[in-house]
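First comes the structure, then the notes that go with it.
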Amino acid sequence: MGAAAVSFAAVSCRFGQVTVVDSVRLDVAAGEHVAITGANGSGKTTLLRAALGLHPLAAGTVSVGGQPARCAADWVRRRREVAWVPQRLATGFFPLLVEELLASAGAGADAACHAATELGMVELGARPLHTLSGGQLQRAFLARAMGCIAAGARVLFADEPSAALDFAGQEQVARLLAGLPVTVVVISHDRAVTRACDRVAEMAAGRLRVVA
């Protein structure tokens, strides 16, 4: 299976009575890489979480490969189609190990382990997630996403995947993302990452515009 197109059609989301994503429209072609920038609180993270069913849609639809998600079974399918690198990496109280996180990529576990080696995580497999630094957590979740892509995910959503890394780490992540043969929507303020994308869009006060 190749890359899949992603379409945000008049998407709105709320927290209570406050609209945090306001009628966003964005079409991403299959295989295209798009970066979304914008100030904290502008709605970027909520937009991607809504595309995965992790935040309710107040209006609009998000389609992957031309298929919107309208029921629980659709959201289950969506989460197989889309690899996800979250920004707020909740490690929880259960001592999940790095190697267990990588194994959760299922059929792509070997690819996740290979990516972890490339990202300098090879010696950290037995470490609980809650003992890792922010940069190490980002690398671990990014490696898992690479495994999910190997297992068949056709889209990657990534939320600030290089924010906790030094300049060398940011360049490494930018090169890794640029080489992916899938559709990528990445939230980032990192110039190395945004330069590697085909287009850049900006969010402000819940609204989105393509700026490059």
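The values are calculated or read from the model by the stated rules, or taken from the named source; none is laboratory data. The shown structure was predicted, so the numbers you read here are calculated from the model rather than taken from an experiment. All Cβ positions, even for glycine, are placed from backbone atoms using ideal geometry, and neighbour counts span all protein chains on display.
Restricted to the stretch 170-189, and to residues there that are within 15 Å of the chain's Cα centre (by Cα) and of a type in the set (S, T, N, Q), the residue that is farthest from Arg78 (Cα to Cα) is Ser188.
Here are some residues: Ala69, Ala51, Ala35. Which one is among the small types (Gly, Ala, Ser) and more than 16 Å from the chain's Cα centre (by Cα)? I'd like the intermediate steps shown before the answer.
Numbers: Ala51 fails: more than 16 Å from the chain's Cα centre (by Cα); Ala35 fails: more than 16 Å from the chain's Cα centre (by Cα).
One residue alone meets the criteria, Ala69.
Yes/no matrix, rows are residues, columns are (1) modelled with pLDDT of 95 or more; (2) more than 14 Å from the chain's Cα centre (by Cα); (3) surrounded by 17 or more Cβ atoms within 10 Å (Cβ to Cβ); (4) not in a helix (DSSP H, G or I):
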{"site": "Glu123", "(1), (2), (3), (4)": "no, yes, no, no"}
{"site": "His130", "(1), (2), (3), (4)": "no, yes, no, no"}
{"site": "Gln138", "(1), (2), (3), (4)": "no, no, yes, no"}
{"site": "Gly152", "(1), (2), (3), (4)": "no, yes, no, yes"}
{"site": "Phe157", "(1), (2), (3), (4)": "yes, no, yes, yes"}
{"site": "Pro161", "(1), (2), (3), (4)": "no, no, yes, yes"}
{"site": "Leu165", "(1), (2), (3), (4)": "no, yes, yes, yes"}
{"site": "Ala168", "(1), (2), (3), (4)": "no, yes, no, no"}
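Exactly one residue among Ala201, Ala192 is buried (at least 16 other Cβ atoms within 10 Å of the Cβ), within 16 Å of the chain's Cα centre (by Cα) and of a type outside the set (D, E, K, R), and that residue is Ala201. Annotation: Trp75 fulfils all but one of (1) of a type in the set (Phe, Trp, Tyr); (2) more than 27 Å from Thr194 (Cα to Cα); (3) touching a strand residue (DSSP E or B) at 6+ places or on another chain (Cβ under 9 Å); the unmet one is (3). Of the residues making up the stretch 94-118, those that are farther than 24 Å from Gln170 by Cβ and touching a residue at least 24 places away in the same chain (Cβ under 8 Å) are Pro95, Leu96, Leu97, Glu99, Ser104, Gly106, Ala107, Gly108, Ala109, Asp110.
Of the helices (runs of 4 or more DSSP H) lying entirely inside the stretch 1-119, those containing at least 2 residues that are under 14 Å from Val155 (Cβ atoms) span 44-51, 72-81.
When residues in the stretch 129-186 are screened for being over 17 Å from Ala111 (Cα atoms), aliphatic (A, V, I, L, M) and in contact with a Leu (Cβ under 9 Å, 6 or more places away or on another chain), 8 of them pass.
State all residues of the stretch 170-186 that are of a type in the set (Gly, Ala, Ser) and surrounded by 22 or more Cβ atoms within 10 Å (Cβ to Cβ); if no residue qualifies, say none. I'd like the intermediate steps shown before the answer.
From the stretch 170-186, those of a type in the set (Gly, Ala, Ser) are 174, 178-179; that's our starting set.
Once the filter is applied, which keeps residues that are of a type in the set (Gly, Ala, Ser) and surrounded by 22 or more Cβ atoms within 10 Å (Cβ to Cβ), the stretch 170-186 yields only Ala174.
Which of the residues that make up the stretch 170-212 are among the hydrophobic types (A, V, I, L, M, F, W, C), over 15 Å from Gly135 (Cβ atoms) and not in a strand (DSSP E or B)? Listed by number, the residues that qualify are Leu177, Ala178, Leu180, Val182, Ala196, Cys197, Ala205, Val211, Ala212.
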